[in-house]
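The values are calculated or read from the model by the stated rules, or taken from the named source; none is laboratory data. Worth saying up front: this structure is predicted, and the values here are computed from it rather than measured. No Cβ is skipped: glycine too gets one built from the backbone with ideal geometry, and neighbour counts run over all protein chains shown. For the accessible areas, the whole protein counts, side chains as well, though only heavy atoms, and no ligand, DNA or RNA atoms are used. Shrake-Rupley method; radii C 1.70, N 1.55, O 1.52, S 1.80 Å.
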Amino acid sequence: MNTNQPRRFQHASFQGQIGIARVDITPPVGVYSRNWGAAKHDVADSIHRPLLLTVLALASSADAAPVVLIDADLGWWKTPATYDEFQQRLHTELSLEPGHLIFALTHTHAGPPLMQPDASLPGSDLLQQWMASLVQRTVDAVRQARQTMFSATLDWHTGTCSLATVRDLPDPDPNKSRYLCGYDPDGTPDDTLVLGRITDEHGTLRGTLVNYACHPTTLAAENTAISPDYVGAMRETMENATSAPAMFLLGMCGDLAPRYQYVGDTEVADRHGRQLGFAALATLNDMEPAGRSLVYSGALESGAPLAIWKHQDAEASSELTAISGTVALPLKDWPSADELERQRLACTDRALEERLRRRRDIRLGIGDGQTFDLPIFAWRIGNAVLVGSCCEPYSILQQDLRRRFKDHTLICMNLINGSIGYLPPAALYDTDVYPVWQSPFDRGCLETTLEAMIGVINDVLSR
């Protein structure tokens, strides 16, 4: 056997049963939609693009129980309890096994907040009616995906996109020792894009998945429209070219956002979406045919000695395993929820009042203990692994994971099955930067989460 033979090129693949369904979840005009402290409006007055919810059901065989991945154009859950109630209803309606559901948010900042009723807020009645309908729309879409499953191959390939930039900018004012939340021209962002391609047994492209880390914060305080931000135009760009549904899976983007953002012009969001869509299409067109690998077949003597590579059949894995675990993260010594509410009621500054409202909601969710048991989810999908949590880690977490598992394709995700706070690197806790003072988690929690995720990835790969 020739040990000098070059290794074959083959995509990480899964072969099994796949179902895809989509539903429109756009709320009505007039719904409460304030997500920015600087916003002067409380309710949405128009629709830029519809908000969509897309379901991907995966099963190793026709008679196996499926796992369900949901991608929804939603921002964040105000408290863990709000998501827990929503998730419980889904599990009951759909008879899903624990760990077999991942509900992922695209994290648009131009949609209605996911929160408990608050009659003091304008448009709250429409918000609650819309949230009540969200459960049934999700259930219907999952059932449709499970009822229309087909034999397919899911291949993954890695590319790049330059949309994301580092958003921790040292304040140029020499009198202020803090960081601003916005483009740092000296930052080095993670530009990794992971593209999933779904192909049926006839070779027809049936869907794509785009895993990329970049905050959808193009549209900010000046925007008064409901919008999926850049994700909408990304999907449109992909779907116009492929005639197949495209899903967006948000990566670990705690420190990443577009270079030009915080605007009211929806065309800027669309431009960003087209940029990501074209990068994803470039990655898609860089892939080998489904079910084929590229193998070195020898040298051809010509004007130069030519290395000849040829396609061969490749066997895709039908392995599909879903596991979850928890890691205890230490919490900061924050005031109680009652004290934060007293501070909020006494506050006359609109932006500060919004900060206190958010901190109160987080405190309500994590309780008054000293630690929080953070759920971590890992799915082995053939030769690839999807991993994530409800937090917003800095991108160093996904970079470290991919270095540790360089022989595997990792789909790294933020804001799955809930949302609760940032995970900045330990060194940043010595600075005045938004993700540090916003987060309820104490120094070292990102590093602790990294080790926990390494553990669950090793676990799911060994089963």
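Determine whether residue 23 is assigned to a strand (DSSP E or B) and open to solvent by 10 Å² or more (accessible area, probe 1.4 Å). It is true that residue 23 is assigned to a strand (DSSP E or B) and open to solvent by 10 Å² or more (accessible area, probe 1.4 Å).
Tell me, please, whether a residue that is farther than 29 Å from residue 291 by Cα, open to solvent by 10 Å² or more (accessible area, probe 1.4 Å) and over 20 Å from the mean Cα position of the chain (by Cα) can be found in the stretch 138-155. Yes, there is a match, as at least one residue in the stretch 138-155 is farther than 29 Å from residue 291 by Cα, open to solvent by 10 Å² or more (accessible area, probe 1.4 Å) and over 20 Å from the mean Cα position of the chain (by Cα). Scanning the stretch 89-105 for residues that are exposed (fewer than 15 other Cβ atoms within 10 Å of the Cβ) and either among the polar types (S, T, N, Q) or assigned to a strand (DSSP E or B) (or both) gives 92, 95. The set of residues in the stretch 117-137 that are assigned to a loop (DSSP other than H, G, I, E, B) and either of a type outside the set (S, T, N, Q) or surrounded by 15 or more Cβ atoms within 10 Å (Cβ to Cβ) (or both) comprises 117, 118, 119, 121, 122, 123. Anything in the stretch 252-270 that is surrounded by 21 or more Cβ atoms within 10 Å (Cβ to Cβ) and either in a helix (DSSP H, G or I) or not acidic (Asp, Glu) (or both)? List them, or say none. Listed by number, the residues that qualify are 252, 253, 254, 256, 257, 258, 261, 269, 270.
If you filter the stretch 160-186 down to residues that are without any contact (Cβ under 8 Å) to a residue 40 or more places away in the chain and in contact with a strand residue (DSSP E or B) (Cβ under 7 Å, 6 or more places away or on another chain), you find that the one that is farthest from residue 438 (Cα to Cα) is 184.
The residues on offer are 396, 411, 416, 376, and the sole one that is at pLDDT 85 or above, open to solvent by 40 Å² or more (accessible area, probe 1.4 Å) and within 17 Å of the chain's Cα centre (by Cα) is 396. Scanning the stretch 271-286 for residues that are in contact with a Gly (Cβ under 8 Å, 6 or more places away or on another chain) and not in a loop (DSSP other than H, G, I, E, B) yields 273, 279, 280, 282, 283. Among the residues of the stretch 272-296, those that are among the charged types (D, E, K, R) and in contact (Cβ under 8 Å) with a residue 40 or more places away in the chain comprise 274, 286, 288.
Taken together, 82, 138 contain a single residue that is β-branched (Val, Ile, Thr), touching a helix residue (DSSP H, G or I) at 6+ places or on another chain (Cβ under 7 Å) and farther than 30 Å from residue 286 by Cα, which is 138.
Scoring residue 273 on the criteria (1) in contact with a strand residue (DSSP E or B) (Cβ under 9 Å, 6 or more places away or on another chain); (2) buried (at least 24 other Cβ atoms within 10 Å of the Cβ) leaves a single failure, condition (1).
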